[in-house]
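Colleague: Below is one structure. I have some questions about it.
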Amino acid sequence: MSTTAPTRLYAEGVSLGYDDRTVVDDLTVAIPDGKVTVIVGGNGCGKSTLLRGMARLLRPRGGAVLLDGEAVHTMPTKQVARRLGLLPQNPIAPEGVTVVDLVGRGRHPHQSALRRWSRDDDRAVAEALALTDTTDLAERVVDELSGGQRQRVWIAMALAQGTDLLLLDEPTTYLDVAHQVEMLDLLAELNLRAGTTIVMVLHDLNLSARYADRLVAMKEGRVVAEGTPAEVVTEDTVRDVFGLESRVIPDPVSHTPLVVPVGRHLGRPGATIGDPPTKERP
Amino acid sequence: MTTTTDRPTTALHAAAVPDVERVRRARRTPRRRHALVVMVLAVAALVALLVNLLLGSYTFTAPDAVRIIVGSGIDRPTAEFILMEQKLPRALTALLAGLCFGASGAVFQTVLRNPLASPDIVGISTGASAAAVVALLVFGARGDVVALAAEVGAVGIALVVRWVAGGIGSYRLVLVGVGIASAMLSVIHYLFTRAAIWDAQLALRWLTGSVAAAGWDEVRLLVVVLVVLLPLLWWSASSLRITELGPDAASGLGVTARRAELVMLVAVLLVAAGVAVVGPIAFLAFLSGPIARAMNAGRTSVIGGALVGATLLLAADYVGHYLIGDVNMPAGIITGAVGAPFLLWLMARGATGRSPR
Ligand SMILES: Nc1ncnc2c1ncn2[C@@H]1O[C@H](COP(=O)(O)OP(=O)(O)OP(=O)(O)O)[C@@H](O)[C@H]1O
Ligand SMILES: [Mg+2]
């Protein structure tokens, strides 16, 4: 399963941490170009830390993150920002900032003292707003939006950045189920049409399996499984990574793996574990 | 706008027409507002300057003042002396020092994303003042050396606060800063108590700040500092819009934490220059940013903060000098009296930072 697909973004034996704690330890992962890579794993296993390391926010303690063959943390940040965008997990908008203003800040890497705001920037912002269905919010203050609207605005900002590589930390948090699917469809389309390489952290295994070309499962700062959704999403891996008993069946819509958690409570008195009352056949 | 037109399924494709015109229009509104705010504040600062020059216990008519200033003389030596050697340098000092305090406060509050984290609250001003007092009383330094000591002291304290708090993104910064500020305050108290003669005016100046002792030397110092630092501030503040998104998002957009620290350094040097000349004017840096923000629909404005600082200091000096009884109240006492309730109000409102960590 270690295909030699071309990779512009590559973490090579990278160790990352905070203060005296190492969170990600000697991790190697190659992000295939033009593909959607989804990182899954339990809370606190180091997914956000890995994304931060890849976006050069954390200096590696060992190993390196390579972007186009160069170590990211030795490259000028602005140069990195023109190729690689990052949507952090819990971004906070400054007080009073309007939606267009925030999305417009995504254009920062393309500007300089000599090259100020231009029509191209207007265009990029308008496109990002249209893609995320936030044009109608343009004049609103970000603070005053709902969680889901805000999330879409932040994604619009990342899109306006116009990078070939996009790292998104839980882009679907706060989104209702329809907007989750909507957002993932949007990212999938972006990937298909523009060839944007997408790396995202998701918590929903089933949506991950459906939208990922490649899945990376992490546990305690290490990669424990990596490959196509069919290879990674198995009952054993789910038990290993999340400590959860489950059944994995084919998704009736996409034929990717579908995880059905077992749990202790079946919601119906008298139901017994391991004996599903109705068996779905796709 | 209807409330729940948020139907996603078909909306994406229906709404996927980029509306460039709307973007341009929507971008214009906040810009106009900001331009208006800056204009209003510039006028306010100018009016405050004129009031300080022309009114008070010795009044001038505007034409007389102009004639004296351009040097065509009006044959009244006392009047000329009072305007040229007292009122003008004092008002200019208040204006320029106010700009320093205001700009510095706005930068601090923006980068640290916390209205409480202004240089006067987190100990930078007091640190600058303590260093100046050490130079003054222990080493007998005078003039520019005292100013240099204030700059060095401010940077030193800033580094200590940053180190103890563990980085500038930390919520501990305000707590550590408040602790260090009171330590510095006791250093000043100690030195003045040990000094051979207790000079109340001098002590007050270094404890709460006062414009009363300002002369042309002070103006010259501030002009030099501002000529050097304002272009630096202008250059580094262009990234403030990105820095204020928080370290993660800012880094994703190509603005490093180092850049934020550079802006902070400029702000530290600015406030220290102000302190060197007029002492740690209580709460001035702390008040300016939020007032400018309130006028600018909540959005950051460093220029606005600077102009508010200038206006406030001019006003405080005028009020303290002329409007309160017969005593000459230092400007710092007036700003302190205004700032303290505001601090309490901020705390009561629970506005102690927007950073989740
Ligand atoms: N800024 C920080 N300073 C110190 N420790 C941190 C910091 N950020 C995260 N950590 C620690 O690093 C570990 C991994 O955190 P990380 O945010 O990478 O987890 P995650 O996999 O993204 O979890 P989640 O699914 O909850 O988002 C956690 O134990 C966390 O406490
Ligand atoms: Mg995370």
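The values are calculated or read from the model by the stated rules, or taken from the named source; none is laboratory data. Predicted model, so just to flag it, every value in this text is computed and none were measured. Here the Cβ is made from the backbone with ideal geometry for all residues, glycine too, and neighbour counts use every protein chain on show. Surface areas here come from the heavy atoms of the whole protein model, side chains and all, with no ligands, DNA or RNA. Shrake-Rupley method; radii C 1.70, N 1.55, O 1.52, S 1.80 Å.
Colleague: Do you know which of the residues in the stretch A:141-169 that are facing chain B (nearest Cβ under 9 Å) and in contact with a helix residue (DSSP H, G or I) (Cβ under 7 Å, 6 or more places away or on another chain) is surrounded by the fewest Cβ atoms within 10 Å (Cβ to Cβ)? Step through it out loud before you land on a result.
Modeller: If we filter the stretch A:141-169 for residues that are facing chain B (nearest Cβ under 9 Å), which is where we start, we get A:141, A:143, A:146, A:148-149, A:154, A:157-158, A:161, A:167, A:169.
Cutting the leftovers down to in contact with a helix residue (DSSP H, G or I) (Cβ under 7 Å, 6 or more places away or on another chain) gives us A:148-149, A:157, A:161, A:167, A:169.
On the way: A:G148: 19, A:Q149: 21, A:M157: 29, A:Q161: 27, A:L167: 27, A:D169: 23.
Selected residue: A:G148.
Colleague: How about the stretch B:241-265: which of its residues are surrounded by fewer than 22 Cβ atoms within 10 Å (Cβ to Cβ), more than 9 Å from chain A (Cβ to nearest Cβ) and of a type in the set (A, V, I, L, M, F, W, C)?
Modeller: Of everything in the stretch B:241-265, those that are surrounded by fewer than 22 Cβ atoms within 10 Å (Cβ to Cβ), more than 9 Å from chain A (Cβ to nearest Cβ) and of a type in the set (A, V, I, L, M, F, W, C) turn out to be B:L262, B:L265.
Colleague: Of the residues in the stretch B:81-110, how many are open to solvent by 20 Å² or more (accessible area, probe 1.4 Å) and either within 14 Å of chain A (Cβ to nearest Cβ) or charged (D, E, K, R) (or both)?
Modeller: 2
Colleague: Of the conditions (1) within 21 Å of the chain's Cα centre (by Cα); (2) modelled with pLDDT of 90 or more, A:R61 clears all except one; give me its number.
Modeller: (1)
Colleague: Follow-up question, since we're still on this one. May I ask you to say which residue of A:G42, A:G85 is touching a residue at least 40 places away in the same chain (Cβ under 8 Å) and either of a type in the set (S, T, Y) or within 16 Å of ligand 2 (Cβ to nearest atom) (or both)? First the steps, then the outcome.
Modeller: Numbers: A:G85 fails: either of a type in the set (S, T, Y) or within 16 Å of ligand 2 (Cβ to nearest atom) (or both).
Result of the check over A:G42, A:G85: A:G42.
Colleague: Of all the helices (runs of 4 or more DSSP H) wholly in the stretch A:6-124, which have at least 2 residues that are away from ligand 1 (no atom under 12 Å from the Cβ)? Write out each step before concluding.
Modeller: Values: elements: A:47-54, A:77-83, A:99-105.
So the answer is A:77-83, A:99-105.
Colleague: Looking at this structure, is A:G96 more than 16 Å from ligand 2 (Cβ to nearest atom), within 14 Å of chain B (Cβ to nearest Cβ) and at positive phi? Don't jump to the end; show me each part of the working.
Modeller: Numbers: more than 16 Å from ligand 2 (Cβ to nearest atom): yes; within 14 Å of chain B (Cβ to nearest Cβ): yes; at positive phi: yes.
So A:G96 passes the test.
Colleague: When you scan the stretch B:13-58, how many residues do you find that are open to solvent by 90 Å² or more (accessible area, probe 1.4 Å), of a type in the set (D, E, K, R) and more than 26 Å from B:L95 (Cα to Cα)?
Modeller: Number of matching residues: 2.
Colleague: Something else: Would you confirm, using the coordinates I've provided, whether B:S186 is at pLDDT below 85, part of a helix (DSSP H, G or I) and either under 19 Å from the mean Cα position of the chain (by Cα) or not charged (D, E, K, R) (or both)? Let's see the steps before the verdict.
Modeller: Details: at pLDDT below 85: no; part of a helix (DSSP H, G or I): yes; either under 19 Å from the mean Cα position of the chain (by Cα) or not charged (D, E, K, R) (or both): yes.
Spelling it out, it is not the case that B:S186 is at pLDDT below 85, part of a helix (DSSP H, G or I) and either under 19 Å from the mean Cα position of the chain (by Cα) or not charged (D, E, K, R) (or both).
Colleague: Considering only the stretch A:19-31, state which residues are in contact (Cβ under 8 Å) with a residue 12 or more places away in the chain and surrounded by fewer than 18 Cβ atoms within 10 Å (Cβ to Cβ). Let's see the steps before the verdict.
Modeller: At the first step, the residues of the stretch A:19-31 found to be in contact (Cβ under 8 Å) with a residue 12 or more places away in the chain are A:22-31.
Of everything in the stretch A:19-31, those that are in contact (Cβ under 8 Å) with a residue 12 or more places away in the chain and surrounded by fewer than 18 Cβ atoms within 10 Å (Cβ to Cβ) turn out to be A:T22, A:D25, A:D26, A:T28.
Colleague: Could you list, in sequence order, all residues of the stretch A:132-153 that are closer than 19 Å to A:L207 by Cβ and assigned to a helix (DSSP H, G or I)?
Modeller: Selection gives A:G147, A:G148, A:Q151, A:R152.
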